[in-house]
Each structure stands twice: as C-alpha cells, then as structure tokens.
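Right, one structure below, let's go through it.
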Amino acid sequence: MFARRLFSTSSSSLPPTIRQILASNTHSTPVQVNGWIKSIRKQAKVAFAVVTDGSSSQTLQAVFTKDALAEAKNLTNGACVRLNGTLAKSIGPGQDVELQVDKVECLGECTSEEYPIQKKSLNTDYLRDHCNFRARTDSIAAMLRLRSSTLRGLQQYFESQEFCYAHTPIITSNDSEGGGETFSVTPSAPATSSTAPAPHSDFFGRPAYLTVSSQLHLEALAASISRVYTISPCFRAERSQTSRHLSEFWMLEAEWAFTNSVEDVTRVVEGAVRSVMQAPSVDLQVLWKDMDPVRLEALRRAVESDVPWARITYTQAVEELQKHSSSFKVAAKWGDSLRSEHEQWLAERLIGGPVFVTDYPASMKPFYMRLNDDGKTVACFDLLVPHVGELAGGSLREERLELLKDALRKAGLREEEYAWYVELRKFGGAPHGGFGLGFERLIRWMSGIENVRECIAMPRWEGRMLL
Ligand code: 4AD
C-alpha cells in the first residue's frame with residue numbers, strides 16, 4: 001500500500017512501473033513489480049533475474065534468497081511474474097537499486113525451449129516472422145516507445161502553434177493522390193435475405209476506399225478552423241518492396257489557411273521535425289548505439305545547427321543531376337520523377353543534409369497543387385533526407401476555382417466526383433497549404449533503423465500480413 005502511494009500518480013491506482021521505480025531511486029521500500037524475466041541465473045544459495053516490463057530500456061535486477069530461492073527455481077526466460085520485495089542499494093555493478101524478493105508469483109509460465117525470443121541475437125527476417133513477440137526485443141521495444149514520445153512531441157508542437165487536432169475519415173470515396181493505389185472497401189459477405197437492399201459491392205451507394213491521405217478532408221476543415229492537423233493511418237496498394245514503403249503506414253498531415261508561400265509551409269515542417277529531436281529521448285539514444293557514426297553525426301548536425309535546411313528548385317536539382325549523370329543508372333530529365341538514386345544523391349552528396357526540393361512540373365504532381373505563374377510548375381516541395389529519401393511532401397493548394405477545374409480535367413478526374421472540394425473555393429475560399437510526413441520514415445531517419453518495416457509494430461506490405 002505504502003509503495004503504491006509512493007509511486008502512483010494521484011489520478012491512477014496502477015502499481016509503479018520499473019521506470020518509475022528506478023527513477024525514484026528509493027531504498028528500503030516495499031514494492032510490487034510486474035514484468036517478464038529477460039534472463040535468470042541460478043546458484044546454490046541465490047538466484048538473479050533481470051526483469052523488464054517494457055516501461056523503459058532499463059531493467060531491474062531481482063535477487064532471490066531464502067524462501068524466494070525455491071520459488072525462483074521454476075522460473076525461466078520469458079516467464080511473466082509478480083514479485084513482492086524490498087528495494088535495496090545494489091552492491092553489484094551496472095545498477096543503483098535491486099529488488100530483494102520475498103514472494104514470487106508466476107503469472108504465466110514460458111516453455112523456454114520453444115520460446116521464440118532466445119537470448120542469442122535474432123535476425124530481422126526471423127523477428128518479422130514472429131512479430132507477435134518481437135516487441136520483447138530491446139530494439140523493437142525502444143522503437144515503440146520512440147513512436148509514442150515522438151507522437152507526443154509532434155502534438156505538442158502543433159498545439160503550441162494553435163493547430164487543432166482533427167479526426168478525418170478512414171473510409172472515403174476519393175483517391176486524393178490520383179495514383180489509383182487504393183484498397184477498396186466492401187462488406188465481407190453479400191446480404192442473404194430476400195429483402196436485402198444493395199448488393200455488397202454497393203454498400204455506400206458508391207465506390208469506397210481506405211484513405212491514402214487525409215488531405216482533402218483536412219482542407220475542408222481548414223476552411224473553418226484555420227489550422228488543423230491529424231496523425232492517421234493511410235493505406236496504399238503500392239507494389240513496392242523497398243525499405244521505405246508500407247501498405248499501411250501513419251501520416252502526420254497539417255493544413256492551414258492564410259498562407260501563400262511554400263517557404264512558410266517548409267518552415268512548419270522543419271520546425272515540427274526539429275522540435276521532436278531537440279531533446280533526444282533515452283530510447284533514441286539506445287537506438288543510436290547501433291547507428292553508423294557518420295550517419296549519426298550528419299543527423300545531429302541537421303537538427304542541432306541553426307542553419308535552415310537547404311532549398312533548391314526541381315529545375316536546379318535536375319541541372320545538378322545532369323552535371324553528374326555518370327553517377328546514375330538513369331539520367332535525370334526535366335519532367336520525369338526523380339528516382340530514388342537521384343533523391344539520395346541530392347540529400348547525401350550535393351547538400352549533405354535535409355533538402356526541400358520545390359516547384360516540380362505540374363504534370364508530375366496531383367491536381368490540387370497551386371499552379372505557379374510560369375504555368376508549368378506547381379508551388380510544392382518534397383523534403384529529402386539522407387539515407388531515407390522523401391520524408392515529407394506538401395504544397396500550396398489551388399484556391400482559384402477555374403484553375404482547379406482545369407487541373408481536374410487535365411488529371412482525367414470528373415468534376416462531379418470532387419464537387420464538395422470544388423465548392424470550398426466558391427464559398428469563402430482562403431489561400432491555404434499543407435503537407436504530409438510519413439511517420440515511419442521519420443522514425444527511421446531519427447533512429448537509423450534500416451527499414452520502415454522495423455519502425456511499426458506489425459508491418460504490412462505486399463505479400464505480407466501476419467496477425
Ligand atoms: O507524398 P505523399 O503521397 O503526399 C500526400 O499524400 C499528400 N496528400 C500529403 C499532404 O500534403 N497532406 O505522401 C506523404 C508522405 C511521403 O513523403 C512519405 O513520407 C509518406 O507519406 N509515404 C509513405 N510512407 C510509408 N509507406 C508508403 N507506402 C508511403 N507513401 C507515402
């Protein structure tokens with residue numbers, strides 16, 4: 001009871017986590033610890049177990065003597081335990097406190113020979129095959145906590161800038177990016193009764209998809225709330241087996257009214273990303289231990305230096321790429337998409353850090369981007385970062401009614417389908433802009449993790465959906 005009062009917050013009666021226990025640095029305190037055995041060493045008169053509850057990268061050493069020793073004899077790696085005991089100053093190296101256990105309760109046994117998470121190092125493919133357990137490894141657990149703290153940081157940043165967090169639909173009738181890489185949504189079984197209304201492909205009376213981006217819905221909200229953002233799952237049926245693509249990923253998207261410069265939009269992106277990296281969390285530091293030092297140095301420079309991130313236009317980028325055409329498998333050409341090798345070269349070699357590439361040809365970009373005065377390019381950007389490539393993309397949105405209708409026509413989209421979107425321009429349309437940033441790619445860039453598949457708990461990609 002005393003321990004519960006000592007550690008718990010006023011609004012919760014939950015027992016303390018190992019992180020709280022270690023942070024409190026108290027001794028001679030009775031405490032209850034719930035967690036899993038990471039490793040256990042048994043000797044004749046004493047046993048030592050390393051216990052984790054996933055609340056931080058730190059573990060607690062539990063020491064079993066006397067009565068507790070007999071109970072510890074049956075514990076194995078992976079077992080789920082409740083331990084009652086007393087915190088004491090540790091005499092062993094590596095930790096300040098240890099738990100001297102009085103009472104052991106095994107809440108869940110673990111058949112150690114069959115347990116997928118053995119102590120030896122486990123390769124990435126093996127862990128992907130066991131993604132129901134892979135959060136028990138240090139790196140995936142650290143990544144999950146990093147996701148959580150990064151989300152919190154992003155929310156704090158946007159709240160500090162007076163943005164309102166909005167929820168947008170997951171089921172939608174539009175493919176905002178126009179790439180045709182959507183998943184369709186239909187009920188799983190056709191209706192069976194004779195009074196059945198619509199056939200199952202027609203549940204909503206029109207085609208329905210899982211959202212590829214919240215942007216168009218956010219634009220509608222920005223036309224009222226001025227500044228809105230969301231952090232939402234997105235779904236893309238891209239047949240890309242790369243270290244950057246998932247079929248289900250999370251995107252931070254922000255949209256706001258009363259902006260008429262792409263530079264303003266890039267400043268918000270830069271501000272948000274820098275803000276979450278300014279005070280690196282313990283988990284980030286854990287992940288940095290496995291990061292290539294050169295890469296880590298470049299990352300820190302990008303975030304810690306006061307120099308704003310570089311900006312070049314697409315046209316300048318293509319000129320630079322053409323000067324070095326022998327470095328590429330495919331030469332860059334004005335009007336073509338930049339290939340991954342081009343994006344990497346721009347960020348890693350030409351700039352040596354993050355770079356906003358702006359003003360792409362209109363023909364390469366979705367219909368909603370604002371046409372520049374040259375009539376050929378649009379007011380947009382892609383943010384490229386070393387080792388990851390494209391991290392975010394955004395633009396000013398076309399607020400001029402006739403030009404928007406024209407863009408829809410050129411994209412082969414029917415105006416009636418987008419009538420609600422077009423209407424936003426008719427009734428008090430404001431100049432506005434926004435961006436989307438891939439959350440798993442951000443985690444990858446921050447942490448040095450090699451593949452976005454290890455930046456989400458249960459990844460989905462073409463050909464793979466476990467659980
Ligand atoms: O560049 P994209 O396609 O832009 C949009 O969807 C805009 N509507 C966003 C907006 O302006 N509100 O996607 C934005 C970001 C990319 O830069 C990338 O980081 C991430 O989303 N992304 C993916 N991440 C993982 N797997 C995929 N398949 C991704 N596709 C895009």
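The values are calculated or read from the model by the stated rules, or taken from the named source; none is laboratory data. Since this is a predicted model, take the numbers as computed values, not measurements. Positions of Cβ are backbone-derived with ideal geometry, glycine not excepted, and every protein chain shown enters the neighbour counts. Side chains included, ligands, DNA and RNA excluded: accessible areas come from the protein's heavy atoms. Shrake-Rupley method; radii C 1.70, N 1.55, O 1.52, S 1.80 Å.
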Give the residue, chosen from Leu284, Leu252, that is part of a strand (DSSP E or B) and open to solvent by less than 40 Å² (accessible area, probe 1.4 Å).
Leu252
Determine the pairs where a residue that is farther than 18 Å from Gly434 by Cα, located within the stretch 381-408, has a partner that is assigned to a strand (DSSP E or B) and more than 10 Å from the ligand (Cβ to nearest atom) with Cβ atoms under 6 Å apart, the partner being 6 or more residues away or on another chain.
Leu403/Leu371
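Yes/no per residue for (1) of a type outside the set (Gly, Ala, Ser); (2) more than 16 Å from the ligand (Cβ to nearest atom); (3) surrounded by fewer than 22 Cβ atoms within 10 Å (Cβ to Cβ):
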residue: Gly394; (1), (2), (3): no, no, no
residue: Arg397; (1), (2), (3): yes, no, no
residue: Leu403; (1), (2), (3): yes, yes, yes
residue: Leu408; (1), (2), (3): yes, no, yes
residue: Glu415; (1), (2), (3): yes, yes, yes
residue: Gly434; (1), (2), (3): no, no, no
residue: Leu442; (1), (2), (3): yes, no, no
Within the bounds of the stretch 292-304, is there any residue that is assigned to a loop (DSSP other than H, G, I, E, B) and more than 16 Å from the ligand (Cβ to nearest atom)?
yes
Just to be sure I understand, how many residues within the stretch 444-453 are more than 10 Å from the ligand (Cβ to nearest atom) and open to solvent by less than 10 Å² (accessible area, probe 1.4 Å)?
2
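A quick yes/no check of all residues on (1) surrounded by fewer than 17 Cβ atoms within 10 Å (Cβ to Cβ); (2) within 16 Å of the ligand (Cβ to nearest atom):
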{"site": "Tyr314", "(1), (2)": "no, yes"}
{"site": "Arg339", "(1), (2)": "yes, yes"}
{"site": "Gln344", "(1), (2)": "no, yes"}
{"site": "Ala347", "(1), (2)": "no, yes"}
{"site": "Pro354", "(1), (2)": "no, yes"}
{"site": "Ala362", "(1), (2)": "no, yes"}
{"site": "Asp374", "(1), (2)": "yes, no"}
{"site": "Gly389", "(1), (2)": "no, yes"}
Those residues of the stretch 89-140 which are farther than 26 Å from Ala457 by Cβ, surrounded by 12 or more Cβ atoms within 10 Å (Cβ to Cβ) and aliphatic (A, V, I, L, M) amount to Val97, Leu99, Val101, Val104
